[in-house]
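A short write-up of the structure that comes next.
The values are calculated or read from the model by the stated rules, or taken from the named source; none is laboratory data. A quick note: this is a predicted structure, and the numbers were derived from the prediction, not measured. Glycine gets a Cβ as well: all are built from the backbone with ideal geometry, and neighbour counts include every protein chain shown.
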Amino acid sequence: MTSNEKGRPPVRFDPFANRACRKVRNDLAHNLVTAISTRSFEPVSVLIHNYLSGKVTAPIHQYLIDRRERYRKVFTFIRETGVPNEDIWRIAITLWDARLFFEVHEWLEQAWHQSAGDAKESYQAVIRAAGVYIHLEAGRSASAFQLAAKATDGLSRHRNLLPAYFDVTRLLSKLDSLDPVPPKLTRSLPAGT
């Protein structure tokens, strides 16, 4: 499907209002998680090739090209630095710092499903924080505001569960002010830490 629910082609990539855009976004994020988990970029390459070989609208085409480049950079960084899949937060922060917020959600959702208690709530807080920026990118500030309050509460209560390299303070500050410019989450640690 290449049109929105009313039958018109999308004028911008909008997964909230357009089923085709939503499907592309979801498929890509799912395949990126698979690629990271298996350490093979093939699931992403094949999916993007298949989409681009068909008839897609200009906004979807542009999204596919953008994601292919950003995914490739993230995937290469993760592979070359040897970040293990077990370092869930390091991979999530790498995705975040590449401004791949829906992908952060998809990556952390796996861990969220397999956890309980405070750990589960810490994953949920970061998933919600990513959701804030997903909504802001789509111009949905009211939804972002509501989600930011929930994310801030969860991050404040569970910041001790996040690794030292995760700059929770910076994220909380940005969420409190609903700053549309997302923060980088990698904290520089002092020498010897």
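Say we look at the range 131-149 and pick out the residues that are part of a helix (DSSP H, G or I) and without any contact (Cβ under 8 Å) to a residue 24 or more places away in the chain; which of these is surrounded by the fewest Cβ atoms within 10 Å (Cβ to Cβ)? Here the residue is 142. With respect to the conditions (1) crowded, with 16+ Cβ neighbours inside 10 Å; (2) without any contact (Cβ under 8 Å) to a residue 40 or more places away in the chain; (3) under 21 Å from residue 14 (Cα atoms), residue 66 falls short on a single one, namely (1). The listed residues are 15, 43, 59, and the only one of them that is more than 18 Å from residue 134 (Cβ to Cβ) and not assigned by TED's automatic domain parsing to the domain that holds residue 185 turns out to be 43.
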